[in-house]
Amino acid sequence: MKKQLQPETLMMSHGYNPEWSEGAVKCPIFQTSTFVFKKAEQGKAYFELAYGLRTQEADESQGLIYSRLNNPDMEILEERLKLWDGAEACAVFESGMSAITTALFEFLQPGDLLLFSNPLYGGTDHFVHHVLTKWGITVRGFRPNATREEIVEIVESSGKKDRLGMILIETPANPTNALTDIALCKSIADQYSSSGRQVVVAVDNTYMGPLWQHPLQHGADLVLYSATKYIGGHSDVIAGACLGNMELIQRIKVLRTFLGNMIAPHTGWLLLRSLETLKIRMEKQAENAQVIASRLSQHPKIAKVFYLGLLTPEDSVNYEVYHRQCSSPGAMISFEVVGGEHEAFTFLNHLQIVKLAVSLGSTESLAQHPASMTHAGVAPEDKIAYGITDSLVRLSVGVENAEDLWWDLEQALEQIQNV
């Protein structure tokens, strides 16, 4: 009887046979632009699949053509990423924004309605409000903890209820850790879907990574990642991913072919390396974050801490959604210092171990000021509405010693009163 192996075990070998590469234990970097066909008929068959001209047969695999379409490093990476989310298919990209924008362009047309959760990552927010609208797409956002009735009312009042094309969710939200109920959004999508038109539910799962939340299990059609973050995990690569069923991801891949925003072989190879340690890295980061969040919540210079591990039953809606959707509180903490931008900057400028930098999910701890950095382009009224205040700091907790991290945070907080 064959044992069903866990993803962390399969990360070492799944999708790769050493015999393909002279017995090399690890998949090499296939630094080539093009691949040789055995015969012309084979090339024809490969292109038919790549261009979406016919449906892939059950026992047929997509052959190697050209590294803009596919590459061994890219394909093995996609096979391994599927395992974490239990997805049928995966498409990887040169950045998280490439994954997000490609999905939006594939499933939305001029005249359609996009419904989205708030707040969104600053780059996504800008694309939604300032790029999609140029293409004649109507966009409507809903606030955290909005009820089903409130969200439906937004759709109905838009005048575009028959053109709802996608519900885009970021949960937990960057930078506030606000939660959105995936199953609730799926039920709304089903309400507005028809036999000839599916309303796609896409979830940006970057904050939870592939370990702590699995949106497909809660009704999502697509899962999106900035693979730069936990999947890469070392602040040395830019990449993105989109996962879902075979039909939807094939559409994504066809558009990726013509946009040319696929991942490079070396980037794919780096991510294959990172996947081998993903679980132990993320578990250590979550362990550290729980220590740090607890102590921050009791510090006199901290006004408020936003961390899923601090939710209580009194916050009934978020508490229930968190325990239903997530398996860990994660390693992202946001907190408001007592004061405003000046006090937040004072804290950030005195950090010695934690790096003052954007991005998240890496082995080193990173801190930044969302209102003036990652979310600088968000409309001022939206920042106020969704809690992106001048006193808010975002902290991505790394794998360092927790006591060393706390020493650094504490000494930086002490500087606020000295200024």
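The values are calculated or read from the model by the stated rules, or taken from the named source; none is laboratory data. Everything numeric here is computed off the predicted structure, so don't read it as measured data. As a convention, Cβ positions derive from the backbone with ideal geometry for all residues, glycine included, and neighbour counts pool all protein chains shown.
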Within region 310-353, residues being outside any loop (DSSP other than H, G, I, E, B), closer than 30 Å to Leu184 by Cα and free of Cβ contacts under 8 Å to residues at least 40 places away in the same chain number 5
In region 370-419, residues that are within 16 Å of Gln352 (Cα to Cα), within 24 Å of the chain's Cα centre (by Cα) and part of a loop (DSSP other than H, G, I, E, B) total 4
Being touching a residue at least 24 places away in the same chain (Cβ under 8 Å) and within 19 Å of the chain's Cα centre (by Cα): is that true of Glu75 here? no
Considering only helices (runs of 4 or more DSSP H) wholly within region 1-112, the ones with at least 2 residues that are modelled with pLDDT of 95 or more and assigned by TED's automatic domain parsing to the domain that holds Glu156 are 72-85, 96-107
Given (1) out of contact with any strand residue (DSSP E or B) (no Cβ under 6 Å at 6 or more places or on another chain); (2) farther than 24 Å from Arg80 by Cβ; (3) surrounded by fewer than 12 Cβ atoms within 10 Å (Cβ to Cβ), Thr34 misses just (1)
Being touching a residue at least 40 places away in the same chain (Cβ under 8 Å) and assigned to a helix (DSSP H, G or I) narrows Lys229, Lys186 down to just Lys229
Going through region 391-419 in order, the residues found to be acidic (Asp, Glu) and touching a His at 6+ places or on another chain (Cβ under 8 Å) are Glu410
Exactly one of Val378, Val397 is of a type outside the set (Gly, Ala, Ser) and either modelled with pLDDT of 95 or more or farther than 25 Å from Val128 by Cβ (or both), and that one is Val397
| message | Taking the criterion of being within 29 Å of Met373 (Cα to Cα) and surrounded by fewer than 22 Cβ atoms within 10 Å (Cβ to Cβ), would at least one residue in region 164-177 satisfy it? | response | yes
Q) Quick one: would you say Ser365 is under 19 Å from Tyr207 (Cβ atoms) and either surrounded by 22 or more Cβ atoms within 10 Å (Cβ to Cβ) or at pLDDT below 95 (or both)? A) yes
Residues of region 126-140 being in contact (Cβ under 8 Å) with a residue 60 or more places away in the chain and touching a helix residue (DSSP H, G or I) at 6+ places or on another chain (Cβ under 8 Å), in sequence order, are none
Residue count, region 292-320, condition within 19 Å of Asn174 (Cα to Cα) and either not assigned by TED's automatic domain parsing to the domain that holds Glu414 or not aliphatic (A, V, I, L, M) (or both), comes to 6
Among Gln217, Gln213, the single one that is among the polar types (S, T, N, Q), closer than 17 Å to Cys326 by Cβ and over 11 Å from the mean Cα position of the chain (by Cα) is Gln217
Q. In region 240-258, is there at least one residue being among the aliphatic types (A, V, I, L, M), under 13 Å from the mean Cα position of the chain (by Cα) and either surrounded by fewer than 23 Cβ atoms within 10 Å (Cβ to Cβ) or assigned to a helix (DSSP H, G or I) (or both)?
A. no
Of the listed residues (Lys284, Lys229), the one being within 20 Å of Leu360 (Cα to Cα) and in contact with a strand residue (DSSP E or B) (Cβ under 9 Å, 6 or more places away or on another chain) is Lys229
Reported set for region 333-387 where residues are in contact with a helix residue (DSSP H, G or I) (Cβ under 9 Å, 6 or more places away or on another chain) and of a type in the set (Val, Ile, Thr) is Ile333, Val337, Val338, Thr346, Ile353, Val354, Thr363, Thr374, Val378
Those residues of region 37-75 which are touching a strand residue (DSSP E or B) at 6+ places or on another chain (Cβ under 8 Å) and β-branched (Val, Ile, Thr) amount to Ile65
Given (1) in contact (Cβ under 8 Å) with a residue 40 or more places away in the chain; (2) surrounded by fewer than 21 Cβ atoms within 10 Å (Cβ to Cβ); (3) closer than 22 Å to Gln285 by Cα, Gln217 misses just (3)
Scanning region 17-33 for residues that are farther than 14 Å from Trp269 by Cα and under 30 Å from the mean Cα position of the chain (by Cα) gives Asn17, Ser33
